[in-house]
């Protein structure tokens, strides 16, 4: 199981990587493995500020749909065009490269203190067993 040390994690299986005052958010390798082949990603919250733990989109796999939860409060700046149905239409990137090309959104963090509430790699590994 791939759990990069440099990221923070949520109990709902999202990861976040902070780059200055912008963060990149996606779902973990564990989550994409549990969901199976992803066929659709929907994020209609670009330009909106979404509170920590609120839903910012969904991922749809062959057998199920799962909500995406915001790790920290912030304004969604960008949805990965490679995943977007109207652009690249390749949600399988999340299965192939969940921590790289398969990122989902970029967010301008409005409350950096919330980062301290997230799990580190060791705690996330314990969570998923």
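Readers should treat all values here as calculations from the given coordinates under stated rules, not as data from a laboratory. Only a predicted model underlies this, so the values are computations on that prediction, with no experimental measurement involved. Every residue, glycine among them, receives a Cβ derived from its backbone with ideal geometry; neighbour counts consider all protein chains shown.
What the table below lists for this structure:
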read-out	value
The chain: relative contact order as a whole-number percent, Cα under 8 Å and 6+ apart	31 percent
Computed helical MRE - 222 nm, the chain, DSSP H runs ≥ 4 contributing -39500 (n - 2.57), nearest 500	-4000 deg cm²/dmol
Once the Cα gyration tensor of the range 28-69 is diagonalised, semi-axes √(5λ) in Å	21, 11, 7
Full-extension gain in nm, residue 127 to residue 65, via 0.36 nm per residue minus C-alpha separation	20.2 nm
Column: log10 I(q)/I(0), Debye, Cα scatterers of the range 41-129, q = 0.12, 0.13, 0.26 Å⁻¹	-0.40, -0.47, -1.35
Residues 5, 14, 54, 42, sorted so that the one with the fewest Cβ neighbours within 10 Å comes first	5, 54, 42, 14
Relative exposure of 28, 49, judged by other C-beta atoms within 10 Å (fewest first)	49, 28
